[in-house]
Each structure stands twice: as C-alpha cells, then as structure tokens.
Amino acid sequence: MSHSATSTLREAGHNIGPVNVDQVLHDVNILGPLDDHTRKILSKEATVFLAVLHRTFNATRKALLQRRVVRQAELDKGNLLDFLPETKHVRENSAWRGAPPAPGLVDRRTEITGPTDRKMVVNALNADVWTYMADFEDSNAPTWDNMINGQLNLHDAIRKQVDFKQGEKEYKLRTDRVLPTLIARARGWHLEEKHMTVDGEPISASLFDFGLYFFNNAEELVNRGTGPYFYLPKMESHLEARLWNDVFNLAQDYIGMRRGTIRGTVLIETIPAAFEMDEVTTTPTPSPNLPLLTADQQIIYELRDHSSGLNCGRWDYIFSVIKRFRQNPAFVLPDRSAVTMTVPFMDAYVKLLIRTCHARGVHAMGGMAAQIPIKNDPAANEKAMDSVRADKLREVKAGHDGTWVAHPALAAIANEIFNANMPTPNQMHVRREDVSVTAQDLLNMNVPGSITEAGIRKNLNIGLGYMEGWLRGVGCVPINYLMEDAATAEVSRSQLWQWVKHGVSTQEGQKVDKGYALKLLHEQADELEKGAGKGNKFQVAAKYFAGQVTGEEYAEFLTS
C-alpha cells in the first residue's frame, strides 16, 4: 500500500517483535478498495506479516513453478513418471510417523466443502458434518470482494458473530451442538493475488489466503479448542510441500505459537504428486544430477509435524493426468462419464493413498459427492442418491477415514454409510498391506468406453457453464444437478483439447478436429444463452473457451 494509506489501517494488537513496520511496508501496495470491512481483515500488522511471507518465500515459489515447466518439457518428449528404486529401503522404513490427529480432526468422517460467502458459511457450519472445508480456491471466483469478504466471514464465524438476515430470512449458527471443525483451503502455488503487490510483484495467492486467515484467527482458534487447519491444493512435488512446511514454521514463530499447531491436509490431485506420496530419500536437497521425472521424497514426510493426511482430489487428478500427458496419444481417455473411480489408474491411486496415509498414521480422505438433490423428480433423485451411496460405500470399504459432500442434504447419506461401516473415529488401523501399486498401475490408461458427440457437448456445457459463472464472480455452478467447479471444468476443456490434438473419431464416426469442435462450441453457447437471463456472459465465455478446445494453445490452468 502507499505510505499514506498505511496510516489509515487500524492496529491489530499483535506483537510483531523487532520488525520495523515502516521499513517492511515500503513498496507494499494494496490495489483493491479499502473500507472498514477490509481494514478489519487487512490491518497494518496483517499487511506486515504478508509482506514478510512474500519476501521470504516468493523466490522459492517461482523456482518451483519453473521446475514444473522443465518437467512438462520432458513429459512432452514422451518420458514417463517413475519411483526411485534406490529409495525403496527408506520407503519401507516404518519408524517415522506424521503428527497424531489434532483437536477437532480425530474424526473427519463427513466433510462439507464450499465457498466462503456468508450464506454458505452458516449453512455449512449448521450441516450434520464433522468438518467444513472453507474454500478460497476451486469453488471461489477470486474477485477482491470474494477474497476479502470470505476472510471476514470466516473471522466472524470463528467468533460466532456470523449471523445475518437476508430479506425476511435469518441465518443463524445452531447452538444445540458443537460446530464442525473449520479447515481453510488456500489457493494453489501457481496463482497470484494481483490486488496486493510487494516490491512491484503480485503476492502469492497461497501466501495471501494463508497469511490473512492464520494471522487473524490462529490464536482465537486455539483458544476455542481447535487450531489453524488448512487444505493444500495443486502441489506437484515434495519440494512444494517443503515450502508449505517452511511457511508454517515461520508463521508460528512469528506470533509465538508452538510449532506443529498448524495442520495441513494435502490434496493429491496431480499425477506427479501421486508418485511422491510414498517416497523418501536421505538427500537433504535436490541434486541437479537426479533424474527429473522420478519421485524423490514423500509429501507426508516433508510436512511431518504439520501433516493431517492426504485427500483424493478426483476431478483435478483426472485433469492432471490429461494435462501432463496431453502430447502422448497413449493417454487419450473416453467420455468423462466413463472415467470412474474403479478404472485402473484411479483405483491404483486410491489404494496407494490409503496405504501411504495409514502406514504413517494420518488420515486418508475420500473424494467429492457433487450431486444436488433433484426436488421435482423423485425417481431421478433416488437414482442420484443411490450413486452417492455406492460411492461412499466403496470409499469406506477401501479404508478411507472420511469423505466429502458438496450439499448439506448429502451429509445424511455419507454419515449413514460411514457410521455403519466405521464405528471408530477413523480407520487408520486398516493398513492395506495387501496393496502393491507400481508405476505401471498409476499409468494404466486401460479405460473402457467411447468418445461420443453427447460427451463432447456435455464437456462444452460444463466448461461454458462454469466459465460464464466465473466471469460473473461465481466459483461453483449447478449444472444438471451436479455442483461443478474449476476442477470439473478443467477436465472438460482438457478432454476436448486432447481429442482434437490427437484427431480421435467419435463412436458415431465423426473425426474430432478444430472445425468440428468450434462448431459444437458455438451451438452450445447459443443454446445456453437462449435459456439464460439477461446479462449472461455465455458468448464471452465461448470466446475464451474457444482457444482451449482446438488442440493448439493450452493454458496451464483455465482460470489463468
């Protein structure tokens, strides 16, 4: 922020020790609007903390992102991922463990996820679940108002001051039971918060989201019996987990909090990360002579004292497989509906995650049930809910310690399945020592199914529907009774790109080329526009989406 703006921010009351505030705030600029709500969250002291985080860690973050670029160049040449055979003896060392479950995180059988708007925060905390993953990432469009108001909503919810009235309806936190444990999901390392610059550079969105939530709430959370807990998305290597661990240590030291109070659950939602779930090496730093495409450390190991487990981020994982191997025709997948959790590469990923977590004494969390109740069609609703039951039964039988739902109405189904099959708070005792997953298993693309015009149109509808909402500042969109977010939109556009790139033919015999893809894109955009209200942005969405479905340009992330 400019020096003149600095003086208008209120003091937060934190002791920041020997830090020279004026010196730290030099060349720190807040470009978003500043008002009383903003100043409640983005105080002078919090801004200093963010600047310290940026200057300490941003160079490392950028170097790790460049490492992704180098790895992608090798994959584009046809190389594959693998484990390091020479570290097998360390992988099989059962002596070390992750941290024991923190207060409020022993039982996580049902977690609800969603953005941080005030209505969602109240409804999620009132749901019959054990934890609430408050999302600053995939289900949240990163407007300045969304990010700051989301922080404010969580700040108030922690202090039970979040009740509000909308029209004639009142939203109040229930008082008849202990509320779910709050876990915040920060944005991934690849994203930046362009409304705040330090030394002329945008601050990392990860550090911005983490820093504000931690600085404003960590002590209050501990005083109320839980702690500052986080979901960590989109990581691709153990070095990125190491960076988070370093951030956690600095943050705790900065406010005088005991190390290990912070806990982070890592979403295993990229194929490179899957190869680093179960790898350990004694090499203290990466050597330039190590093969680029081999896993050489374990993500849980890097976070040890701060680890609260791993989660199966299923849709992002499918997206990552397509993205990372997009130039390889052996990785072409059929319609999205055919890529279920039981196909070989997904089944191997789930089994390896559970075995890895339970061997190290941390939670293995299942994936999302994105269904929305269908109120006007009982038969269709029952069919949809049956699919949720089958999915949750598969997860608990496999050994997962908990699962995700996107809608409060699905919590009862998840609870019923997990309560019947998991009478203990978790099932870390289910070691899954029967599981043996090889690199070939994780890369087994033997997925039955076809590519159809219906599948293409479905992907277009999902991609356009999500992008149109995102352009209006909405980060999760109900489409065909499923809650779609950035992850499912990424799968949709990546499949379309992949099919055009490799010139596949549909089940109907139509070659999928650039012209055909654009023709269907414009047809779907026109159809969606006709069915939408005034002021919709489907044609704008189509303009941006067109560049991502022709097998030519490929953005690392759709939202960038």
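Overview of results
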{"item": "Thr356 being on the phi < 0 side of the Ramachandran plot and surrounded by fewer than 16 Cβ atoms within 10 Å (Cβ to Cβ)", "result": "no"}
{"item": "The listed residue being of a type outside the set (Asp, Glu), surrounded by fewer than 16 Cβ atoms within 10 Å (Cβ to Cβ) and in contact with a Phe, Trp or Tyr (Cβ under 7 Å, 6 or more places away or on another chain), out of Ala489, Ala532", "result": "Ala532"}
{"item": "Wholly enclosed strands (runs of 3 or more DSSP E) of the range 126-231 bearing at least 2 residues closer than 26 Å to Arg108 by Cβ and open to solvent by less than 10 Å² (accessible area, probe 1.4 Å)", "result": "131-135, 181-185"}
{"item": "Any chance Tyr466 is surrounded by 15 or more Cβ atoms within 10 Å (Cβ to Cβ), hydroxyl-bearing (Ser, Thr, Tyr), more than 30 Å from Asp107 (Cα to Cα) and modelled with pLDDT under 95", "result": "yes"}
{"item": "Which listed residue, of Glu508, Glu556, Glu527, is surrounded by 15 or more Cβ atoms within 10 Å (Cβ to Cβ) and either part of a helix (DSSP H, G or I) or at pLDDT 90 or above (or both)", "result": "Glu527"}
{"item": "Failed item, numbered, when Gly473 is tested on (1) in a loop (DSSP other than H, G, I, E, B); (2) within 24 Å of Thr270 (Cβ to Cβ)", "result": "(2)"}
{"item": "Cβ pairs under 8 Å, 6+ apart, first in the range 60-81 and open to solvent by less than 50 Å² (accessible area, probe 1.4 Å), second aromatic (Phe, Trp, Tyr) and at pLDDT below 95", "result": "Leu81/Phe275"}
{"item": "Selection within the range 95-124 - modelled with pLDDT of 95 or more, within 25 Å of Ala241 (Cβ to Cβ) and surrounded by fewer than 18 Cβ atoms within 10 Å (Cβ to Cβ)", "result": "Pro100, Pro103, Val106"}
{"item": "Lone unmet requirement of (1) part of a loop (DSSP other than H, G, I, E, B); (2) open to solvent by less than 20 Å² (accessible area, probe 1.4 Å); (3) modelled with pLDDT under 95 for Ser436", "result": "(2)"}
{"item": "Of the criteria (1) in contact with a Cys (Cβ under 9 Å, 6 or more places away or on another chain); (2) at pLDDT 90 or above, which one Met483 fails", "result": "(2)"}
{"item": "Answer from Ala384, Ala379, Ala398, Ala390 - the residue that is under 21 Å from Leu482 (Cα atoms) and either in contact with a Ser or Thr (Cβ under 6 Å, 6 or more places away or on another chain) or surrounded by 15 or more Cβ atoms within 10 Å (Cβ to Cβ) (or both)", "result": "Ala384"}
{"item": "Selection status of Arg389, modelled with pLDDT under 95 and assigned to a helix (DSSP H, G or I)", "result": "no"}
{"item": "Search result, residues across the range 235-268 that are open to solvent by 10 Å² or more (accessible area, probe 1.4 Å) and either part of a strand (DSSP E or B) or not aliphatic (A, V, I, L, M) (or both)", "result": "Arg242, Asn245, Asp246, Asn249, Asp253, Tyr254, Gly256, Arg258, Arg259, Thr261, Arg263"}
{"item": "Filter result for Arg224 (out of contact with any strand residue (DSSP E or B) (no Cβ under 8 Å at 6 or more places or on another chain) and at pLDDT 95 or above)", "result": "yes"}
{"item": "Unique residue being part of a loop (DSSP other than H, G, I, E, B) and either under 30 Å from Ile372 (Cβ atoms) or touching a helix residue (DSSP H, G or I) at 6+ places or on another chain (Cβ under 6 Å) (or both) when the list is Gly78, Gly104", "result": "Gly104"}
{"item": "Odd one out for Arg472, checked against (1) farther than 19 Å from Ala541 by Cα; (2) open to solvent by 50 Å² or more (accessible area, probe 1.4 Å); (3) of a type in the set (Lys, Arg)", "result": "(1)"}
{"item": "Any chance Lys514 is at pLDDT 95 or above and surrounded by fewer than 21 Cβ atoms within 10 Å (Cβ to Cβ)", "result": "yes"}
{"item": "Residue within the range 451-462 that is farther than 21 Å from Gly515 by Cα and surrounded by 16 or more Cβ atoms within 10 Å (Cβ to Cβ) present", "result": "no"}
{"item": "Residues satisfying the stated conditions in the range 312-330, i.e. within 15 Å of Ala370 (Cβ to Cβ), not in a helix (DSSP H, G or I) and not hydrophobic (A, V, I, L, M, F, W, C)", "result": "Gly313"}
{"item": "Subset of the range 29-43 (residues that are modelled with pLDDT of 95 or more and open to solvent by 10 Å² or more (accessible area, probe 1.4 Å))", "result": "Asn29, Ile30, Leu31"}
{"item": "Flag if Ala330 is closer than 14 Å to His502 by Cβ, small (Gly, Ala, Ser), open to solvent by 10 Å² or more (accessible area, probe 1.4 Å) and in contact (Cβ under 8 Å) with a residue 24 or more places away in the chain", "result": "yes"}
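Residue-wise test of (1) of a type in the set (Asp, Glu); (2) part of a helix (DSSP H, G or I).
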position	(1), (2)
Gly515	no, yes
Glu523	yes, yes
Lys534	no, no
Val540	no, yes
Thr550	no, no
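The values are calculated or read from the model by the stated rules, or taken from the named source; none is laboratory data. These figures come from a predicted structure and were not determined experimentally. Please note: Cβ atoms are built from the backbone with ideal geometry, for glycine as well, and neighbour counts cover all protein chains shown. Note: areas computed on protein heavy atoms with side chains; ligands, DNA, RNA excluded. Shrake-Rupley method; radii C 1.70, N 1.55, O 1.52, S 1.80 Å.
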